[in-house]
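Coordinate-derived values only; no laboratory data. Remember, predicted model here, so these are calculated numbers, not experimental data. Ideal geometry is used to build each Cβ from the backbone, glycine not excepted, and the neighbour counts take in all protein chains shown.
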Amino acid sequence: MRVSTRLLALAALLAGTPLCARAVTVSPNALFIDSRTRSGVLTLYNPGSTAEEIEITFAFGYPRSDLAGAISVALADTAPAGEPSVLGFVRAFPRRLRLEPGQRQTVRILMQPPANLAEGEYWGRVLIHSRGGRPPVEQQQGGIRMQIDLETVIVGAVNYRNGTMRTGVHMDPARATVAARGDSVRVVADISRIGNAAYLGHMTFELVSADGKVLGTTDEDFAVYRALRKVESIAVPAGTSLAGATVRYRFTTERPDIDPESRLAAEPLTGTVPLSR
């Protein structure tokens, strides 16, 4: 019996390094294509010692969060009604190729949108399927021997920008709660995007004492396509008094990992959150 399975390497839209999945690397991890050029280029490289059979497909999906703040990207072959999707007009050339050991190959991603496409940003994910180069894994269960073929799938973002882009974020009143043991502060922030394009930014939360001293910090890159809940924890140094302390936040679009030509700027969002127990 032969069974096929896949290893999925899901690249966050936020990362700037090439995507790696055992035998193949892909760069960049996110393409931002505008209505002037209508095309972008992915570079595939095989650093391994065996050839890889490559297939390029597309899916729809973007980062979403649950009530606990866990973020995931669910991929679908079709986009839900009302979602701005590239699936109807994105193409890859070539769509299939063989990548020999040490070979580098470019793949052009083309957009062929309808003439009446409304202004705004349209979203998708590009999937690079890599097969071969890894012999089937043999397993035996009872009297059945199975050969499992492995397929690696690398996932990156591909966004099409039609017309003038605007982005920004709004945050509902955040909550900052001191943990029962007093060793950390939990911050819950519900963030929604404004404008017509995804917000790709960097967030910083600082725990600040009553006299203005920074007691602890947490920061990370993030992306808001529609809405996102972020749950962060700031460590509190032992023996620290939190009387009068607050959490200070700052959201910016200062992202050195994103090409300046693709970066959408927005005014920083700043403020403070009182602590509660």
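Here are some notes:
- Positive-end extreme of charge dipole, the chain - chosen from Asn162, Tyr199, Ser184 (charges on Cβ): Asn162
- Largest GNM mean-square fluctuation among Glu52, Glu220, Glu121, using the chain with Cα springs under 10 Å: Glu220.
- With both labels modelled 7 Å from their Cα along Cα-to-Cβ, the Thr57 to Ala115 distance reads 3.3 nm.
- Proxy reagent accessibility, fewest Cβ within 10 Å first, across Met171, Met111: Met171, Met111
- Using a simple spin-label model with pseudo-atoms 7 Å out from Cα toward Cβ, Asp259 and Ala210 lie 5.2 nm apart.
- Computed on the Cα atoms alone, the convex hull of segment 167-276 gives a volume of 95 cubic angstrom per residue.
- Convex hull volume per residue for segment 72-209, taking Cα atoms only, in Å³: 274 Å³
- Only Lys, Arg (+1) and Asp, Glu (-1) charged, at Cβ; the chain dipole about Cα centre in debye: 380 debye
- Springs join every pair of Cα atoms under 10 Å in this Gaussian network model of the chain, and among Thr167, Thr152, Thr218 the largest mean-square fluctuation is at Thr218.
- Dipole of the chain [Lys/Arg +1, Asp/Glu -1 at C-beta], most positive-end residue of Phe93, Ala227, Ala210: Phe93
- Segment 215-275 and segment 39-112 have Cα centres spaced 30 Å apart.
- Residue among Gly102, Gly40, Gly61 with the largest mean-square fluctuation in a Gaussian network model of the chain, springs linking Cα atoms under 10 Å: Gly102
- At q = 0.17 Å⁻¹, base-10 log of I(q)/I(0) for segment 35-108 (Debye sum, equal scatterers on each alpha carbon): -0.85
- Length available on full extension from Thr37 to Thr252: 0.36 nm per residue minus the Cα-Cα distance, which gives 74.7 nm.
- The ellipsoid that matches the Cα gyration tensor of the chain has semi-axes, each √(5λ) in whole angstrom, of 39, 26, 16, with the longest given first.
- The calculated FRET efficiency for Ala81 paired with Ala179, based on their beta-carbon distance and R0 = 51 Å, is about 0.75.
- Checking every one of the trypsin sites (Lys or Arg not before Pro) in segment 89-124 against DSSP loop status and a limit of 16 other Cβ atoms within 10 Å picks out Arg95.
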